[in-house]
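The values are calculated or read from the model by the stated rules, or taken from the named source; none is laboratory data. Treat the numbers as computed from the prediction; the structure is a model and nothing was measured. Cβ coordinates were reconstructed from backbone atoms using ideal geometry, including for glycine residues, and neighbour counts include every protein chain displayed. The area values use the complete protein model at the heavy-atom level, side chains included, leaving out ligands, DNA and RNA. Shrake-Rupley method; radii C 1.70, N 1.55, O 1.52, S 1.80 Å.
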Amino acid sequence: PNANSTVNDLAVYGSVIYVAGDFDTIGGASRYFVAALDATTGNALSSWSKKLDSSANVLALSSDASQVYVGGRFVTYGGEERFGLAEIDLTTGRMTSWNPEPDGDVRSLKISPDGSTLYVGGTFGHLGLATRNFLGAYDLNTMTLKSWDPSPDSYVHAINTDKNGLVYIGGEFVTVGVDARNHIAAIDPVSASATAWDP
């Protein structure tokens, strides 16, 4: 594919590889910070050619690959305003109406094993009008912010889950809620409290 700058994240579904980064050329075509590539040829697909105006850090695909969630430091997608986090309909290549408006960069995204929740981490202190220090969660059935609020004290760079839905985070924090956790923690997906796991 020969990207002309950094690739920050990849997501794969079937014969398509979705790419986020700092590039403006990839797969033999002009693609600004996001692209879809043919997994065999490496060529950029014409189905996704809208432009972000700045870097994309991370991607998360819905379980049926009908939507992709893109996080970064951008403020527009395809000429439409969207701050740092957007939902893209992969049939049309256009943004949906969902507009979470984080007030900082989005550095990490993860969809829960059951496909019902999108976890978001980064440098933000708010998601929309709600206070969410560096970590939050959206209900993907209603596209609303959940009350789940672990509140780490600094940036979250990585999120993952196990098969039971337990949420693991990594980053610059030294506390999660009231618990000391140096840069890595496991968080209960219901209570939002750090578990006893403390490496």
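Here are the numbers for this structure:
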quantity: Options Gly104, Gly78, Gly125; residue that is at positive phi and open to solvent by less than 60 Å² (accessible area, probe 1.4 Å); calculated: Gly78
quantity: Strands (runs of 3 or more DSSP E) within segment 116-173 that include 2 or more residues within 17 Å of the chain's Cα centre (by Cα) and β-branched (Val, Ile, Thr); calculated: 117-122, 156-161, 167-171
quantity: Selected residue (only one of Ala65, Ala86, Ala60 is surrounded by fewer than 23 Cβ atoms within 10 Å (Cβ to Cβ) and assigned to a strand (DSSP E or B)); calculated: Ala60
quantity: Filter result (of a type outside the set (A, V, I, L, M, F, W, C) and either surrounded by fewer than 18 Cβ atoms within 10 Å (Cβ to Cβ) or within 20 Å of Ile184 (Cβ to Cβ) (or both)) within segment 112-122; calculated: Ser112, Pro113, Asp114, Gly115, Ser116, Tyr119, Gly121, Gly122
quantity: Of the criteria (1) under 23 Å from Trp197 (Cα atoms); (2) of a type outside the set (Lys, Arg); (3) surrounded by fewer than 15 Cβ atoms within 10 Å (Cβ to Cβ), which one Gly136 fails; calculated: (3)
quantity: Identity of the residue in segment 1-17, in contact with a Gly (Cβ under 8 Å, 6 or more places away or on another chain) and small (Gly, Ala, Ser), that ends up most open to solvent (accessible area, probe 1.4 Å); calculated: Ser5
quantity: Lone qualifier among Asp105, Asp89, Asp139, Asp64 - being modelled with pLDDT under 95 and under 24 Å from Thr161 (Cβ atoms); calculated: Asp64
quantity: In segment 18-31, residue surrounded by the fewest Cβ atoms within 10 Å (Cβ to Cβ) [restricted to those that are closer than 17 Å to Leu90 by Cβ and not aliphatic (A, V, I, L, M)]; calculated: Gly27
quantity: Residue in segment 98-120 that is basic (Lys, Arg) and within 30 Å of Ser49 (Cα to Cα) present; calculated: yes
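For (1) without any contact (Cβ under 8 Å) to a residue 40 or more places away in the chain; (2) open to solvent by less than 50 Å² (accessible area, probe 1.4 Å), each residue gets a yes or a no:
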position	(1), (2)
Leu140	no, yes
Trp148	no, yes
Asn164	no, no
Val167	no, yes
Gly171	no, yes
Gly177	yes, yes
His183	yes, no
